[in-house]
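**Student:** This is the structure I have questions about; it appears just below.
The values are calculated or read from the model by the stated rules, or taken from the named source; none is laboratory data. On a predicted model such as this, the values are computed, not experimentally measured, just so you know. When we count neighbours, we look across all protein chains shown, and the Cβ atoms used for this are built from the backbone with ideal geometry, even at glycine. Keep in mind that these areas ignore ligands, DNA and RNA; they rest on the heavy atoms of the full protein, side chains included. Shrake-Rupley method; radii C 1.70, N 1.55, O 1.52, S 1.80 Å.
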Amino acid sequence: MNGVPSDARNGAPSDTGSGVGSKDSSGAGRAVVLVAAVLLLACAGLVGYGLLDTEEEPEKPSTPTAAVTYEVTGDGTAEISFLGRNEDGTATVVRDAELPWKRTVRVPLGMAPTVAIVLGEKGGQASCTLAIRGKHVQRATAMGAFGRATCAGALPADGN
C-alpha cells in the first residue's frame, strides 16, 4: 500500500532492519546481561565463602568430666605432674612448685587421675593427696633427696 511500511502510516517509527534503533536495544540488553552476571558471581562468591570459611571450627562433643583435687604438702619446692582436662592423657608439669600446693581440675571420665611429686637434691619430705568429687582417695609421702611419691585413683567412664 503506497510502498510505505504500515507502522510509518500510523506515525510510529519503522524498524526495517536498517540498524536504526536496534543499537540502543542491544546495548541495553548487554548491560542487563552484564549486571546479571556480576550479581551471579557475587552471590556464588558469598556462598563459597560461607561454605569454605574455616575460621570457626565446630565444637567438639563435650566429654563428661569429674572434679579432681590434687594437693601436695611439705616444705620447700617439688616437681609436680598431674592429669588435667586434656583428653589425650598427657600430664601437666609444674617445676619448682612452692609447697604447699593445691589444684582442682576437671578430668575426663574414664581417665585415671594421677599426681606425682619429685623432691629436689636437698630432699626433705612432701605428701600428695588425691580427692575425686570431694572424697579422699589416696595419700603418699616422698622423703629424701630426689624422693618420689604418686597418688592415683579410678574415675569410671560411666560416672559412678
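**Student:** With a point put 7 Å past each Cα toward its Cβ, work out how far V33 is from D96 in nm, to one decimal.
**Tutor:** So the two model labels end up 7.6 nm from each other.
**Student:** Label the range 66-160 by shape, choosing from rounded, prolate and oblate, from the square roots a ≥ b ≥ c of the eigenvalues of the Cα gyration tensor; if a/c is under 1.5 it is rounded, and otherwise prolate applies when a/b is larger than b/c, oblate when it is not.
**Tutor:** Working: a/c = 2.38, a/b = 1.95, b/c = 1.23.
Cα axes put the range 66-160 in the prolate bin.
**Student:** Ordering L41, L130 by how much accessible area each has at a 1.4 Å probe, largest first, what is the list? Intermediate results must be reported in sequence, preceding the final value.
**Tutor:** Values: L41 130, L130 0 Å².
Order by accessible area, largest first: L41, L130.
**Student:** Which order do V35, V107 take when ranked by solvent-accessible area (1.4 Å probe, heavy atoms of all protein chains), largest first?
**Tutor:** Values: V35 85, V107 0 Å².
Greatest to least solvent exposure: V35, V107.
**Student:** Positive end of the dipole of the range 89-143, charges at C-beta (+1 Lys, Arg; -1 Asp, Glu), about the Cα centre: which of V115, V93, I132 has its Cα farthest in that direction?
**Tutor:** It is I132, whose Cα lies furthest towards the positive end.
**Student:** A further question follows. Please give the per residue accessible area of the range 92-156, computed with a probe of 1.4 Å over protein heavy atoms only, in Å². Write out the running numbers ahead of the final one.
**Tutor:** On the way: 3710 Å² over 65 residues.
About 57 Å² of surface per residue is accessible.
**Student:** While we're on this one: To the nearest 0.05, how large is the calculated FRET efficiency for T73 and A154 if R₀ is 25 Å and r is the Cβ-Cβ distance?
**Tutor:** Working: r = 23 Å, r/R0 = 0.92.
Efficiency, from the Cβ-Cβ distance: 0.60.
**Student:** Then there's this: On the full set of protein chains, 1.4 Å probe, figure out the accessible area of R103 and give it in Å² to the nearest 10.
**Tutor:** So the heavy atoms of R103 present about 90 Å² to solvent.
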